[in-house]
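This report refers to the structure that appears directly beneath it.
The numbers here are math on the coordinates, done by the rules we state, and not lab data. Remember, predicted model here, so these are calculated numbers, not experimental data. Neighbour counts are summed over all protein chains in view; Cβ atoms, including those assigned to glycine, are modelled from backbone coordinates with ideal geometry.
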Protein chains: 2
Amino acid sequence: MRALTDPYRLTIVPRNGGRRRGASGRRSWSLSFVDAASAIAAAEPPSIAGLIQLARRDMAGVDELIRDRMQSPVPVIPALADHLIGSSGKRLRPLLTIAAARLCGAQGDACLKLAAAVEFIHTATLLHDDVVDSSELRRGRVAAHLIWGAPSSVLVGDFLFARAFELMVEAGSMAALEILARASRVIAEGEVLQLTRAHDLDLTQEIYLRIIQAKTAELFAAAAEAGAVVAGASPARARALRRFGQDAGLAFQLADDVLDYSGTSDALGKNPGDDYREGKVTLPLVFVMARTGPAEAEFWRRTVDRREQTEADFQRTRELMRATGALQSTLDLASGYAAGAKAALADFPGASPWRPAMEDLADFAVSRRA
Amino acid sequence: MRALTDPYRLTIVPRNGGRRRGASGRRSWSLSFVDAASAIAAAEPPSIAGLIQLARRDMAGVDELIRDRMQSPVPVIPALADHLIGSSGKRLRPLLTIAAARLCGAQGDACLKLAAAVEFIHTATLLHDDVVDSSELRRGRVAAHLIWGAPSSVLVGDFLFARAFELMVEAGSMAALEILARASRVIAEGEVLQLTRAHDLDLTQEIYLRIIQAKTAELFAAAAEAGAVVAGASPARARALRRFGQDAGLAFQLADDVLDYSGTSDALGKNPGDDYREGKVTLPLVFVMARTGPAEAEFWRRTVDRREQTEADFQRTRELMRATGALQSTLDLASGYAAGAKAALADFPGASPWRPAMEDLADFAVSRRA
């Protein structure tokens, strides 16, 4: 495991330790190599602690809305919803809505309602995903469909999805509604595309990126864009924040794909190797299959296509990924997207504490351990 | 079968044959008993042919929107959606939106978009329902999940649900959006309530009506109310049309419950006895269980609760329903709701051809054979 984790840690290129805040409160790059080197050595991995601190009051409001709107006179609904919502989710997507809105000068609490709506859309998607994939664990807990049954998971997903739209109506922005309705549709398209193509040994990097663009990055993009729009931001700024969300989302998903081969179940809250066991082709697998060539073609046909696997096959796959640099290449791509996300913020005022906090989020998407 | 169909036909009380249009084009009640009696004897069952004719041009536009918006670059989506949407659905709910909007003087085509959205919400619900209930037939075709798999049905349902909200955004009425978002949530609550209570031998009429109010009548109510609202109707008129939709929806569902015991698979496009085989308690079963008392308690425990059934058990249940008047009582209740629906139209101008056409829809909800 260690060997797989090492290259992973090396990818933390634009880390907090490499910069420091100047007296003005704006960030400046350190020019001292010694400084930088010692900072890197001592640094914590990139963290969103600063963002969480900045958004603390807003996110308390979002949590209250979430708790309130998952209630229903039908008792199964809050019980099942709480199982997922009350667990260790990172709330990255609603954080993104809040950060984008506040960066654009939002004053009221309409962005809190949109943020709660975004989390409900995400939760509904997870519930349906776990049914679709027959997943056993989610966020460190037994998947809801194994406790309440797949029918309840499907229907409570529908409930949360509808609640999301009720919250958007309350927020009162038709433009934000349009963005999130479109995102919900694109996510469903991405999920179906994944369902029909993800077990395909010939899956290309291009199609894989199209899938995760739709099923993951679109909601990050919409979460940020909706926050900008509800704050009354200019179209250019809304587009920039959409770009930020999209690239951060791609970075997040690619890191997720790597963690499924490099992570531990304790940290992940789900079993590593889930994708592999399901025969789900993600980018590390696209890379390792291309790089091992005909020599291993039968191995992939047996273990991924026919899903005839042992634990040793998973370990061998991880070893091949390490040897061919498949995980590293995936993380390099993720780092590139994180850099793209940060570049999208270039025209926002550096004086706003929200801008560096969002930059941290982009770095965290790649460097996280879970 | 004949014996069960007979009492059913007797409930067609407020039939078209009892009225006729005066020279003014307004309807007048026939005062001639002989006229009325011969008309009843000769009459076709209540039909929505007049409504369909009135709404022909609008519904062609709705169909075009539906065809257009079920498209997707992911080929499974239009294929699966078309399987259900292209089949013999009656399009009652979008018809209701169009009729309510035009009755309230709607001029533009925003109501077409809402009508298409209503049909998409309904279709999404059917897709998820059939997965939840493991149904085998729908609208005369093999259920979609048996062809494309339950995961695809769940995800294409999500796609259609999201498309519905995109259409509502295009229609541009936040008030209509609020009504249909709320309805979508209430439907999901009704489905979960049914899931948790529908196999309960102690289910009461009260709770059963609460279930169908949510899972069926709410969408009829919202379809009509949204049509009124997008037409700029007064709150009183929007409330009246909501009431119309709600009562027509209750009548429709109760008639549906009866058809599951009295219908034929050719007419229904699905197997009669589905509810019984699934152990799903509907109102005819609530009535027959109450009326047969302790003598049959073990029969119901075995066939409904434990679902240990033969075809003879289904026939015996139909016989008990006939003998105890359980089907007739259900239809009487349905007729009462249909009358309530028509009463809700009392303050609308009788000169509008849409009013009698909607009255026909209420009657048709009860009297239909499929």
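Pairs of Cα atoms nearer than 8 Å and 6+ residues apart set the relative contact order; for chain B it is 23 percent.
Could you work out the local net charge near B:Asp68, counting Lys and Arg as +1, Asp and Glu as -1, over the other residues with Cβ closer than 12 Å to its Cβ? Net of charged neighbours comes to 0.
Could you work out [θ]222 nm for the protein assembly as shown from helices alone, using -39500 (n - 2.57) per DSSP H run of at least four and dividing by all its residues? Round to the nearest 500 deg cm²/dmol. Mind dumping the intermediate values first?
Details: 40 runs with 506 residues, N = 740.
Calculated from helices alone, the mean residue ellipticity at 222 nm is -21500 deg cm²/dmol.
Ordering of A:357-365, A:164-172 by packing is A:357-365, A:164-172, highest average first (other Cβ atoms within 10 Å, averaged per residue). In this assembly of identical copies, the label point of B:Thr310 (Cα plus 7 Å along Cα-to-Cβ) is separated from its counterparts by 5.2 nm, sorted shortest first.
Relative to the Cα centre, the charge distribution of chain B, modelled as +1 at Lys and Arg Cβ and -1 at Asp and Glu Cβ, gives a dipole magnitude of about 1100 debye.
Residues B:Glu119, B:Glu178, A:Glu206, ranked from the fewest to the most other C-beta atoms within 10 Å, line up as A:Glu206, B:Glu178, B:Glu119.
Using Cα-Cα distances under 8 Å and only pairs 6 or more residues apart, what relative contact order does the stretch A:249-370 have, in percent? In percent, rounded to a whole number, it is 38. Its Cα gyration tensor gives the protein assembly as shown an equivalent ellipsoid; the semi-axes, largest first and in whole Å, are 54, 30, 21. Oblate is the label for the stretch A:141-198. Its Cα gyration tensor axes, ordered a ≥ b ≥ c, give a/c of at least 1.5 and b/c at or above a/b.
Under a point-charge model restricted to the Cβ atoms of Lys and Arg (+1) and Asp and Glu (-1), what is the dipole moment magnitude of the stretch A:108-154 relative to its Cα centre, in debye to the nearest 20?
Working: 4 positive and 6 negative charges, 24 e Å.
In debye, rounded to 20, the stretch A:108-154 gives about 120.
Within chain B, which DSSP H helices have Cα atoms that stretch 27 Å or more along the helix axis and a mean Kyte-Doolittle hydropathy of at least 1.0?
Numbers: long enough: B:110-133 (34 Å, 0.87); B:150-171 (32 Å, 1.04); B:174-197 (34 Å, 0.59); B:235-262 (40 Å, -0.28).
What comes out of the filter, once short or polar helices are dropped, is B:150-171.
With label points set 7 Å from Cα along Cα→Cβ, the inter-copy distances at A:Ala323 are 7.7 nm, sorted shortest first. Which entries of A:Lys215/B:Lys90; A:Lys215/B:Lys215; A:Lys90/A:Lys215 show an alpha-carbon separation above 22 angstrom in the structure shown? Exceeds cut-off: A:Lys215/B:Lys90; A:Lys215/B:Lys215.
Counts of other chain beta carbons within 10 angstrom of each beta carbon in peptide A:191-198 average 6. Taking a sphere under 10 Å around the Cβ of B:Thr125 and counting the other residues whose Cβ falls inside, with K and R at +1 and D and E at -1, yields a net charge of -3.
Note on the stretch A:2-367: the C-alpha convex hull projects to 18.3 nm² when averaged across all orientations.
Global size of the stretch B:77-162: 14.2, 44 Å for Rg and Dmax (C-alpha atoms, Rg to one decimal, Dmax whole). Once C-alpha pairs closer than 8 Å and six or more residues apart are averaged by separation and normalised to the residue number of the stretch A:262-319, the relative contact order reads 33 percent.
Across the copies of the chain, A:Ile52 has label points (7 Å from Cα along Cα→Cβ) spaced 6.1 nm apart, shortest distance listed first. What separates the Cα centres of the stretch B:47-124 and the stretch B:284-307 is a distance of 40 Å.
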